[in-house]
Every structure is written in C-alpha cells, then in structure tokens.
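Reviewing the structure listed below.
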Amino acid sequence: MTTDRPRIAATLIMRNEARCIARCLDSVRPYVDAMVVLDTGSTDDSVAIARACGAQVHHLDWPGDFSAARNHVLALADADRPD
C-alpha cells in the first residue's frame with residue numbers, strides 16, 4: 001500500500017531577523033520538506049543564518065504590501081497546493 005504524503009513547505013518573509021531566524025527555522029524543520037525564506041532587504045546576518053539552517057533564500061525589495069510579498073514567496077515554494 002502506497003501512501004501519498006503531500007509535500008509541505010514553510011514559507012517565511014523576513015527582514016533583519018538575525019536574532020531569531022535560526023530558532024524559527026529550527027522549530028519548523030522536523031515538520032516540513034522545504035523552508036523557503038523571502039528576504040525583503042536585511043542588513044544584518046539574517047540571510048547567512050537562514051542559509052546555514054538549510055533554507056532556500058530569495059530576495060525581493062519590500063513591495064509595500066504584505067500580500068504581494070506573501071504571494072511571491074508562495075509562488076517560490078515547491079510544495080503541494082490544496083485543490
């Protein structure tokens with residue numbers, strides 16, 4: 001019997017989260033197949049930390065609209081989508 005398990009990705013939008021991004025990614029890692037981070041202009045070590053935690057990191061200048069950033073990172077995630 002084969003069980004098809006959906007592919008799950010954690011998607012995060014961040015900017016200057018060096019203080020807590022590792023803790024956040026570490027907390028979701030056991031439950032997801034991928035971690036996709038959208039950086040919106042960090043000037044600290046957030047990007048390097050996220051990569052060191054195994055996240056795919058992408059960049060987008062802050063569009064001034066959370067929903068635009070959310071839709072962008074969701075489009076980057078290689079995960080199953082509900083029907």
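The values are calculated or read from the model by the stated rules, or taken from the named source; none is laboratory data. What you see is a predicted model, and the numbers here were worked out from it, not measured in a lab. FYI the Cβ positions are ideal-geometry reconstructions off the backbone, even for glycines, and counts take in every protein chain you see. Heads up: the accessible areas ignore ligands, DNA and RNA and are worked out on the full protein's heavy atoms, side chains in. Shrake-Rupley method; radii C 1.70, N 1.55, O 1.52, S 1.80 Å.
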*Filter the range 8-23 for residues that are open to solvent by 70 Å² or more (accessible area, probe 1.4 Å) and modelled with pLDDT of 95 or more; which is nearest to H59 (Cα to Cα)?*
R15
*asked:* Just checking, does the range 72-80 include any residue being outside any helix (DSSP H, G or I), open to solvent by 70 Å² or more (accessible area, probe 1.4 Å) and not polar (S, T, N, Q)?
replied: yes
*Out of D33, D45, D26, report the one residue that is of a type outside the set (K, R), in contact with a Cys (Cβ under 9 Å, 6 or more places away or on another chain) and surrounded by fewer than 16 Cβ atoms within 10 Å (Cβ to Cβ).*
D26
*asked:* Restricting to the range 63-75, count the residues that are under 19 Å from I8 (Cβ atoms), without any contact (Cβ under 8 Å) to a residue 24 or more places away in the chain and not aliphatic (A, V, I, L, M).
replied: 1
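This table checks each residue for (1) in a loop (DSSP other than H, G, I, E, B); (2) touching a strand residue (DSSP E or B) at 6+ places or on another chain (Cβ under 6 Å); (3) touching a residue at least 24 places away in the same chain (Cβ under 8 Å).
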| position | (1), (2), (3) |
| --- | --- |
| N16 | yes, no, yes |
| D26 | no, no, yes |
| L38 | no, yes, yes |
| G41 | yes, no, yes |
| A48 | no, no, no |
| R51 | no, yes, no |
| G54 | yes, no, yes |
| H58 | no, yes, no |
| D61 | yes, no, no |
*Taking the range 50-67, which residues are surrounded by 12 or more Cβ atoms within 10 Å (Cβ to Cβ) and either out of contact with any Asp or Glu (no Cβ under 8 Å at 6 or more places or on another chain) or at pLDDT below 95 (or both)?*
R51, A52, A55, Q56, W62, P63
